[in-house]
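Data block below; observations after.
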Amino acid sequence: MRVLLDEHPPHRLRQLFAALIRKEHFVKHKNNLLWMFHRGTILVALLLFYTITTAPAQTTLPAEDIAEKALVATVYLEMKDKSGKTLGIGSGFFVKPDLIATNYHVIEGASRGTAKLVGKSTTYNIEGVTATDKTNDLALLKVTAYGIKPLSLGNSDTVRIGETVYVAGNPKGLEGTFSNGIISSRRDKYTKERLQMTAPISPGSSGGPVLNREGKVIGVSFAQHRALDAENLNFAIPSKYIKTLLARSKPAKPLPQWNDPSISAETYFLWGNVKYDLGDYAGAIADYTMAIQLQPNNTKVYVSRGASKFFLKQHSAAIADYNITIRLQPDNAAIYLLQGFVKADLGQHFAAITDFDTVIRLQPDNAEAYVSRGIVKTDLEQYAAAITDFDTAIRLQPDNAEVYVRRGGVKALLEQYFAAISDFDTAIRLQPDNAEVYIGRGHVKSDLEQYAAAIKDYDTAIRLRPDYADAYLSKGIAKALLGRTWEAKQDIQTALRLAEKAGDAHLKSQIESLLQQIR
């Protein structure tokens, strides 16, 4: 295959490049960018809605030793109802050789359950409950086990802001995950003391141990509301409440005798959150609906149900949930932000802008609202106005790489190429491992006919994402424009294979269209 330069001289190939790549990247895919932005920012909006000072530890252990110590005492919990249906999953950990601590909401309503040691085939039947603390969402479960080395409880009152902590658990059912972070704040909401931390908690990790650098438990992980692997607000229930629970532990009662047959609205809400985080939006909606039946004015549940409906493309139903929330809380900016996302996804651009305008009126420093409005204005080809919104967002969040990418994309559409490259340079400095940013900068360099420099950016993108079909296609076109026909052929064919493997019919069509222009 050779490029027919007689029929398609360099300027014609450049036109093809602009039509198939740059325009596609910055215009046709902007809806995908908006969708990606929705998935990230919706988490921020949900969290906007739900809205230590003693001597440090004397001895510390290597993280590897803490991980080994924690994981051999951590269990994966699966709770079931009378019919054998799984009600929920969670984590727990041994505080005594025969007692497991976990969250109360993990066991609420269950008739039976099992506890499986992380990374092992050993599974214990839960024989009963010895104590519960609904206020602090804690429970102690009795099992018959041998050879278990329980975790020691530390002093949660001495935890300091900025202190390193470690979390063990079973995120999304994947056993034996260990992560670290710091204590970022202490919270005292409605008399419930909580430790806020940066260590991520995923669905299935709720109820796992949070340890300090001595390897002692200073809290029980508690998943607030999460979604899709984003790192948001994570909490730990202080270990002092486990000590209190242990002190009043009684002989075990079977789960059916201990449990109230009725399930609280809060537990349905938490079950829904786990399903939401796992991508089971239909299951989440069912749980949220049960919570709403028990608490019809619980706005946070309407918000979460609306978000679930949004991801199922049930736009009208999502807006209905947001409208109820707005009626109950008319000055809550986060709801207008979420509703704006839905309207933007529906192509109701002006209605979406009205919602984002409301957010900005209520919260003039809400960077997400300016970014969202800028994206919608880009859809409307109001490029200058979009750049103004991105400028404001950058002033509010100067280290947000994604905003520089979006502003750079708009500048590229306005043929302000050097300004666009400057924005991509900044984004790369902030996110050096983001393959998409290199692709964007490479497209702008190709527009400037800096093909060799563009190829370097595409190569970097491929190194970061070896299955990145767009990068191979872009590199192939750039090589063709340099007369490196054989290499171009190889890259374009690789792009075609990757597009077919990924099931990306749109990109496959692009490549086939290009191949019709070359031999």
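Restricting the first member to the stretch 379-402 and to residues that are closer than 18 Å to ILE428 by Cα and among the β-branched types (Val, Ile, Thr), and the second to residues that are surrounded by 16 or more Cβ atoms within 10 Å (Cβ to Cβ) and at pLDDT 95 or above, the beta-carbon pairs closer than 6 Å and six or more apart or on different chains are ILE394/VAL403.
Residue by residue, here is whether (1) over 14 Å from ALA139 (Cβ atoms); (2) at pLDDT 90 or above; (3) surrounded by 20 or more Cβ atoms within 10 Å (Cβ to Cβ); (4) more than 21 Å from the chain's Cα centre (by Cα) holds:
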site	(1), (2), (3), (4)
LYS250	no, yes, no, yes
ASP260	no, no, no, yes
ALA282	yes, yes, no, no
ALA286	yes, yes, no, yes
LEU294	yes, yes, no, yes
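Within the stretch 161-183, the set of residues being in a loop (DSSP other than H, G, I, E, B) and modelled with pLDDT under 90 comprises ASN170, LEU174, GLU175, GLY176. Residue-level analysis places GLU415 outside the set of residues that are among the charged types (D, E, K, R), closer than 22 Å to ASP470 by Cβ and assigned to a helix (DSSP H, G or I).
Working only within the stretch 469-514, note down all residues that are of a type outside the set (A, V, I, L, M) and crowded, with 21+ Cβ neighbours inside 10 Å.
Looking only at the stretch 469-514, we keep the residues that are of a type outside the set (A, V, I, L, M), and these are 470, 472, 474-476, 479, 483-487, 489-491, 493-494, 497, 500-501, 503-504, 506, 508-510, 512-513.
Residues satisfying the conditions are ASP470, TYR472, SER474, LYS475, GLY476, LYS479, ASP491, GLN510.
Of the residues making up the stretch 73-87, just one is part of a loop (DSSP other than H, G, I, E, B) and at pLDDT 90 or above, namely ALA73. If you scan the stretch 91-131, which residues turn out to be in contact with a Gly (Cβ under 7 Å, 6 or more places away or on another chain), surrounded by fewer than 22 Cβ atoms within 10 Å (Cβ to Cβ) and within 16 Å of THR267 (Cβ to Cβ)? The answer is none; no residue qualifies.
Consider the stretch 88-111 and keep the residues that are among the charged types (D, E, K, R) and either closer than 22 Å to ALA284 by Cα or outside any strand (DSSP E or B) (or both). The one that is modelled with the highest pLDDT is ASP98.
The values are calculated or read from the model by the stated rules, or taken from the named source; none is laboratory data. Note that the structure is predicted; figures quoted are calculated from it, not measured. Cβ: placed from backbone, ideal geometry, glycine included. Neighbour counts: every protein chain shown.
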